Structures are given as C-alpha cells and as structure tokens.
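The values are calculated or read from the model by the stated rules, or taken from the named source; none is laboratory data. Here the structure is a predicted model, which means the values were calculated and not measured. Cβ placement follows ideal geometry from the backbone for every residue including glycine, while neighbour counts extend to all protein chains displayed. When the accessible area is computed, the model is the full protein with side chains, heavy atoms only, and any ligands, DNA or RNA have been set aside. Shrake-Rupley method; radii C 1.70, N 1.55, O 1.52, S 1.80 Å.
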Amino acid sequence: MGSGDMRYGRCGACGSDEVYQGEVAGQIGIRRSGKGLGKQTAFHAYFCAWCGHMQWHLALDEKRRSWIRKLDRVPPSNPWQQQ
C-alpha cells in the first residue's frame, strides 16, 4: 500500500479509513548519530485501528526546522532501483 500520509484519514500500510489521532506528550529525546541530545515536547500521532500502523508528525516553525537540519540527512533514493 505504501506509506501515505495518515493525516488525511487513510492508513498508508493497509488502506483502512479507521485512522485516529492523538498527541504524544512529554519529552522525547532525538539526537544526531553519536551527538548530543535534543528534545521536542509534542508530536501529533496517527493510529490505524485496523492494522496498528502509526505515524508521528511534528508541528514545525523556523526554530524546529533549524534544529532538524542539524540531524543526519537521508538522501533521496528509489527503493525499486537495484544498486
């Protein structure tokens, strides 16, 4: 099915429309590989009641964008292309 954006009410894993949302509160540490710890306080979470697939999304402002850009970037690639 792919990994579609569950914010639109459809599960990207199984295609179900049984998607619910909540908020992950508290502090979750995210760090760049081998580097210091950074913390963000809240993520929006989307859950599929049919298959259990879950997605997290972070509300972005310029400060958070700047912080994210310090992490290790994943280069775009085609997963169907043989290497």
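Numbers for the structure displayed
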quantity: Pick from the range 1-34, criterion open to solvent by less than 100 Å² (accessible area, probe 1.4 Å), at pLDDT 70 or above and not in a loop (DSSP other than H, G, I, E, B), ranking: farthest from His53 (Cα to Cα); calculated: Val24
quantity: Pro79 being open to solvent by 70 Å² or more (accessible area, probe 1.4 Å) and at pLDDT 85 or above; calculated: no
quantity: Members of the range 40-49 that are loosely packed, with under 14 Cβ neighbours inside 10 Å and modelled with pLDDT of 90 or more; calculated: Ala49
quantity: Criterion: in contact with a strand residue (DSSP E or B) (Cβ under 6 Å, 6 or more places away or on another chain) and either open to solvent by 80 Å² or more (accessible area, probe 1.4 Å) or at pLDDT below 70 (or both) - qualifying residue of Leu37, Leu58; calculated: Leu37
